[in-house]
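The structure follows.
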Amino acid sequence: MAMPAAEIEALIRAALPDAKVTIEDLAGDGDHYAATVISESFRGIPRVKQHQIVYAALQGRMGGELHALALQTSAPE
């Protein structure tokens with residue numbers, strides 16, 4: 001089952017309201033996405049923890065509705 005990019009973005013924004021979120025459908029199938037998430041909330045937090053925050057925002061949809069998500073996260077420059 002595919003997951004729309006807009007739903008991914010909405011879930012991330014709900015958890016990180018200040019985030020700048022960019023979602024790209026890598027394969028055109030609604031299952032393989034790349035996401036760039038830039039949030040002040042990430043400042044001073046290790047990258048692994050940043051990714052865990054984003055995955056938590058997806059509320060268990062990884063591996064089910066959402067097959068693959070390549071993540072790039074950072075605090076604003």
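The values are calculated or read from the model by the stated rules, or taken from the named source; none is laboratory data. Since the structure is predicted, the reported quantities are computational estimates derived from the model, not experimental observations. As a convention, Cβ positions derive from the backbone with ideal geometry for all residues, glycine included, and neighbour counts pool all protein chains shown. Areas reflect the complete protein model, heavy atoms only, side chains present, ligands, DNA and RNA absent. Shrake-Rupley method; radii C 1.70, N 1.55, O 1.52, S 1.80 Å.
Calculate, for the chain, the solvent-accessible area per residue in square angstrom, rolling a 1.4 angstrom probe over the heavy atoms of the protein chains.
Working: 4380 Å² over 77 residues.
For the chain, the per-residue accessible area is 57 Å².
Still on this structure, I have one more. Please work out how much length the chain gains when fully extended from LYS20 to ALA56, using 0.36 nm per residue of separation minus the C-alpha to C-alpha distance, in nm with one decimal.
Going from the current span to full extension adds 11.2 nm.
If you take every DSSP beta bridge whose two residues both sit in the chain, what share of them, in percent to the nearest 5, is antiparallel?
About 45 percent, rounded to the nearest 5.
What is the Å³ per residue value for the convex hull set by the Cα atoms of the chain?
75
Next up: Which whole-Hz couplings ³J(HN,Hα) result when phi for each residue of the stretch 31-41 is put into the Karplus expression 6.51 cos²θ - 1.76 cosθ + 1.60, θ = phi - 60°, listed in order with x for Gly and Pro?
My calculation for the stretch 31-41 gives 10, 10, 10, 10, 10, 10, 10, 10, 8, 4, 4 Hz in order.
Now for a separate question. Would you work out which of GLY64, THR22, ILE53 lies farthest towards the positive end of the dipole of the chain, given +1 charges on the beta-carbon of Lys and Arg and -1 on that of Asp and Glu, about the Cα centre?
ILE53
At a 1.4 Å probe radius, carbon and sulfur cover how many percent of the accessible area of the chain?
Carbon plus sulfur share of accessible area: 54 percent.
Quick one: helix 47-57 against the long Cα principal axis of the chain, what's the angle to the nearest 10°, folded into 0 to 90?
It works out to around 50 degrees.
List the residues whose amide H sits under 5 Å from the amide H of LEU58, counting only those 5 or more places along or on another chain, with H placed 1.01 Å from N in the peptide plane.
none
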